[in-house]
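Step one of this worksheet: look at the structure below.
The values are calculated or read from the model by the stated rules, or taken from the named source; none is laboratory data. In this text the structure is predicted, and so the values were computed from the model without any measurement. Ideal geometry is used to build each Cβ from the backbone, glycine not excepted, and the neighbour counts take in all protein chains shown. Each accessible area value is taken on the protein alone, full model and side chains, heavy atoms only, with ligands, DNA and RNA left out. Shrake-Rupley method; radii C 1.70, N 1.55, O 1.52, S 1.80 Å.
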Amino acid sequence: MARSFRLEPVLALAQRRLESATAELQKLAQRRADTQSRLDQLLQFLADYRQQYRAALHAGLDQARMQDFRAFLAKLERAVDLQNADVRRCQEAWSAKHSEWLDLRQREQAMNVLKDRHRAAELARDGKREQKQQDEFAGRRILGDQASD
């Protein structure tokens, strides 16, 4: 009779933790992609607005309009700096969770290796037990055939 794997509850816990970490990692990856997309949009808007500013300068513009352009460019640059910081934070959070996920996956895989080894040992033990029973049965049959002769 095969014995059950005594670490099965620990393996189940490791699998649940890995699944949870996987879901969190996916959310962080999505957040990282979203923040990067926002940064890309801001950078594109900044580049477009700078181009408009250069064109307006070339065409000639009054002092008030130039100050408006500069003030808005400063706000856009500040927004880009803030978005860059947010992208870095998202990347750092993702990297930290990824390291945790790698550790959890390694532990879960180690537990699966232990379970596989346990199963293989149980199969070998069952095979030996079955072979022993067959040998004993064959031995009795031979002894029984010799006694009836």
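Tell me, in nm to one decimal, what length is gained between ARG125 and ALA59 on full extension, where the rule is 0.36 nm per residue of separation less the Cα-Cα distance? Don't skip to the end; give the middle numbers.
Numbers: separation 66, 0.36 × 66 = 23.76 nm, distance 9.03 nm.
Contour length minus Cα-Cα distance gives 14.7 nm.
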Problem set entry | Table column - 3J(HN,Hα) (Hz), segment 64-72, Karplus curve with 6.51, -1.76, 1.60, x for Gly and Pro | 5, 5, 4, 5, 4, 4, 4, 5, 5
Exercise. In Å², what does the accessible area per residue of the chain work out to with a 1.4 Å probe?
Worked result: 75 Å²
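Measure off, as a whole percent, the carbon and sulfur share of the 1.4 Å-probe accessible area of segment 1-64, all protein chains present. Each step should come with its number before you reach the end.
On the way: 2600 of 4750 Å².
Carbon and sulfur: 55 percent of the exposed surface of segment 1-64.
If you average the sequence gap of Cα pairs under 8 Å that are 6 or more apart and divide by the length of the chain, what percent do you get for the contact order?
Numbers: 61 pairs, mean separation 70.1, N = 149.
With pairs under 8 Å counted, the relative contact order is 47 percent.
Provide the FRET efficiency to the nearest 0.05 for the LEU143-GLN15 pair, computing r from the beta carbons and using R0 = 41 Å. Walk me through the numbers before you get to the answer.
Numbers: r = 52 Å, r/R0 = 1.26.
The value I calculate is 0.20.
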